[in-house]
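Report on the following structure.
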Amino acid sequence: MNKKIFVLAIGLITLPLLASAQGEGGIVSITQMAQNVAQVVWLVATIIIVILWVVTGILFLSAQGDPGKLKTAKTALFSAVGGTAIVILAYSAITIISNALFRGV
């Protein structure tokens, strides 16, 4: 059920951007739609990463030397680092591919 809510929320966030991506004569190009969706995904991913880092910090502060809580905090730290790396690599890949494909356009 959480996946359905997540997909619905992303759809509701991206729909206005897709509608406002009007080009010449009101025609929307595929590249404009893709750029708008990428911007929204980048924004949502950045917000999620910031929340992950804040939660990780809170977990470390509240652990107070308890081995079980420290293990949970370390797991959250590895997840935050991995998520940050994935988002940065994905954004870099999109930029590299778009520069390679649309360099002369």
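A straight line joining the Cα centroids of the stretch 84-98 and the stretch 40-60 runs 17 Å. Sorting 48-61, 88-101 by average packing, meaning the other beta carbons within 10 Å per residue, from highest down gives 48-61, 88-101.
FYI, it's all coordinate maths here, none of it is from the lab. The shown structure was predicted, so the numbers you read here are calculated from the model rather than taken from an experiment. Neighbour counts are summed over all protein chains in view; Cβ atoms, including those assigned to glycine, are modelled from backbone coordinates with ideal geometry.
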